[in-house]
Amino acid sequence: MSRQGETRPRTLENVRAFWESEAAQIGGSPEVTIRDFYFRIHELHTLLPLVPRCARLLDAGCGTGFGTLLLAGRSHYTLGVDYSPTMVAWARRLLTDPAHRSRVSRALSPLWELPPAADGGIEFAEADVLTLSPAGPPFDVITAQRLLINLPTFEDQLAALRRLRSFAGDEGLLVLGETSLQGYARTDAYRARFGLPPLERYWHNLYVDEERLAEWPRAGWRVEVVLGFDTYALLSKVVYPAACGPQGCAFLSGANAAAMEIACLFRTRAAAGELGDERLLRLYLDRVGLYDRAAADALARWADRHARALPPWDGLGNQRLILARPCAVAAG
Ligand SMILES: C[S@@+](CC[C@H](N)C(=O)[O-])C[C@H]1O[C@@H](n2cnc3c(N)ncnc32)[C@H](O)[C@@H]1O
């Protein structure tokens, strides 16, 4: 279900007010910073091994701090920053309130225990990434999940990247989880083949234009690799709604939990290629059956009709993981 509220002009002030209001209204919910929470678990499962063990890590736009705490396991010192004071207050509670941390760990973390809050190793601060100026030596790793899409223009996105570049060491690594324009278009076109409507767009988001990644050197970053999440998108955004009806789907559902589990094993179509589509769908519906019998029955009927003739689904999904390295700032 959408929680966009009333559509407003996409300005820095309105977007910031949106996040502050979300944190105030549902800061304790897994859905506060992303409706599709199971995707977020899948994303963290993919990105954590890509983050090298390091001395200093910055998590920009850290929200309520759940991801930051997991990332902190890779770093001696971790700083999470967010411009919403209420998001930061929730994040700090993870450090100071053991009952809250264990509640979050049980409710939000199906794959991992949250690590104990290290003494002094993790800090949260209220700051706007566009004006941020953290003290201390450069960061080895900078992470951000869906930060750029909350900046209203491409030039604002470049300004944020430029700011982050100024805090990165020359050997630094930028790991971004973002939603892409092209990913949306591809996924909508695939969904349409099964009679599904386009995915919901959010007024406060400017989706990353993959065709403009080549311009990021203007902000001092060169993109090294872009990873996708084909399998999660196929199962969660096509098979589940096509089988159960888009109105019968929920983000926090057994079907999405199962999609996350399967996608953690086979992230892309290439990875699932050894299995083949029919076996992949069989695996999925067996797994869904552990959570939701009715959904599994609907999926079985759908798979009988479609599993043998799925159109190719490489590159499906609106989410991307973007890894970039510092480079000389290019003119332009
Ligand atoms: C989609 S949420 C993601 C939060 C967290 N990274 C996660 O994955 O759950 C985006 C977050 O970025 C924060 N944010 C957006 N623009 C920001 C900015 N310019 N400076 C600091 N934080 C920002 C919002 O307050 C919100 O908490």
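The values are calculated or read from the model by the stated rules, or taken from the named source; none is laboratory data. Just so it is clear, the structure is predicted and the values come from calculations on it, not from any experiment. For neighbour counting, all protein chains shown are included, and Cβ atoms are generated from backbone atoms with ideal geometry for every residue, glycine included.
Report whether or not Leu79 is farther than 13 Å from Gln145 by Cβ and away from the ligand (no atom under 15 Å from the Cβ).
Details: farther than 13 Å from Gln145 by Cβ: yes; away from the ligand (no atom under 15 Å from the Cβ): no.
Spelling it out, it is not the case that Leu79 is farther than 13 Å from Gln145 by Cβ and away from the ligand (no atom under 15 Å from the Cβ).
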Item to check | Which numbered condition Arg56 misses (of (1) within 13 Å of the ligand (Cβ to nearest atom); (2) charged (D, E, K, R); (3) not in a loop (DSSP other than H, G, I, E, B)) | outcome: (1)
Checklist entry - Could you say whether any residue in segment 60-77 is more than 16 Å from the chain's Cα centre (by Cα) and among the polar types (S, T, N, Q)? => result yes
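Quick grid of which residues meet (1) more than 16 Å from His306 (Cβ to Cβ); (2) touching a strand residue (DSSP E or B) at 6+ places or on another chain (Cβ under 8 Å):
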{"position": "Arg186", "(1), (2)": "yes, no"}
{"position": "Pro217", "(1), (2)": "yes, no"}
{"position": "Arg222", "(1), (2)": "yes, yes"}
{"position": "Leu235", "(1), (2)": "no, no"}
{"position": "Ala243", "(1), (2)": "no, no"}
{"position": "Cys249", "(1), (2)": "yes, no"}
{"position": "Asn256", "(1), (2)": "yes, no"}
{"position": "Leu281", "(1), (2)": "no, no"}
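Give segment 134-152 a look and list any residue that's under 20 Å from Gly80 (Cβ atoms) and either free of Cβ contacts under 8 Å to residues at least 24 places away in the same chain or within 11 Å of the ligand (Cβ to nearest atom) (or both), or say none.
Within segment 134-152, the first condition is being under 20 Å from Gly80 (Cβ atoms), and the residues that meet it are 134-151.
Residues satisfying the conditions are Ala135, Thr143, Ala144, Gln145, Arg146, Leu147, Leu148, Ile149, Asn150, Leu151.
Conditions (1) in contact with a Lys or Arg (Cβ under 9 Å, 6 or more places away or on another chain); (2) closer than 16 Å to Gly61 by Cβ, marked per residue:
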| position | (1), (2) |
| --- | --- |
| Arg163 | no, yes |
| Arg186 | no, no |
| Ala192 | no, no |
| His204 | yes, yes |
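Among the candidates Ile41, Ile34, which residue alone is at pLDDT below 95 and near the ligand (Cβ under 10 Å from one of its atoms)?
Values: Ile41 fails: near the ligand (Cβ under 10 Å from one of its atoms).
Criteria check complete, one pass: Ile34.
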Checklist entry - Restricting attention to segment 190-208, which residues are among the charged types (D, E, K, R) and at pLDDT 95 or above? => result Arg191, Arg193
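Conditions (1) in contact with a helix residue (DSSP H, G or I) (Cβ under 7 Å, 6 or more places away or on another chain); (2) crowded, with 22+ Cβ neighbours inside 10 Å; (3) not assigned by TED's automatic domain parsing to the domain that holds Leu164, marked per residue:
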{"residue": "Ala24", "(1), (2), (3)": "yes, no, no"}
{"residue": "Tyr38", "(1), (2), (3)": "yes, yes, no"}
{"residue": "His42", "(1), (2), (3)": "yes, yes, no"}
{"residue": "Ala55", "(1), (2), (3)": "no, no, no"}
{"residue": "Ala60", "(1), (2), (3)": "yes, yes, no"}
{"residue": "Gly65", "(1), (2), (3)": "yes, yes, no"}
{"residue": "Gly73", "(1), (2), (3)": "no, no, no"}
{"residue": "Thr78", "(1), (2), (3)": "yes, yes, no"}
Item to check | Unmet criterion (only one of (1) more than 27 Å from Leu12 (Cβ to Cβ); (2) of a type in the set (S, T, N, Q); (3) not in a helix (DSSP H, G or I)) for Ser29 | outcome: (1)
Item to check | Number of the exception - Trp203 against (1) closer than 30 Å to Ser166 by Cα; (2) out of contact with any helix residue (DSSP H, G or I) (no Cβ under 8 Å at 6 or more places or on another chain); (3) in a helix (DSSP H, G or I) | outcome: (3)
Next on the checklist: Give me the residue from segment 198-213 that is out of contact with any strand residue (DSSP E or B) (no Cβ under 8 Å at 6 or more places or on another chain) and among the aliphatic types (A, V, I, L, M) and, out of that set, surrounded by the fewest Cβ atoms within 10 Å (Cβ to Cβ).
Outcome noted: Leu199
Next on the checklist: Considering only residues that are surrounded by fewer than 19 Cβ atoms within 10 Å (Cβ to Cβ) and near the ligand (Cβ under 10 Å from one of its atoms), which ones fall in segment 153-196?
Outcome noted: Asp156, Ala159, Arg163
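Residue-by-condition table, conditions (1) surrounded by 16 or more Cβ atoms within 10 Å (Cβ to Cβ); (2) assigned by TED's automatic domain parsing to the domain that holds Ile34; (3) within 19 Å of the chain's Cα centre (by Cα):
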position: Ala219; (1), (2), (3): yes, yes, no
position: Leu235; (1), (2), (3): yes, no, yes
position: Gly248; (1), (2), (3): no, no, no
position: Leu252; (1), (2), (3): no, no, yes
position: Ile262; (1), (2), (3): yes, no, yes
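Assess whether Leu235 counts as being in contact with an Asp or Glu (Cβ under 7 Å, 6 or more places away or on another chain) and touching a residue at least 24 places away in the same chain (Cβ under 8 Å).
Working: in contact with an Asp or Glu (Cβ under 7 Å, 6 or more places away or on another chain): no; touching a residue at least 24 places away in the same chain (Cβ under 8 Å): yes.
No; evaluated as a whole, the condition is false for this residue.
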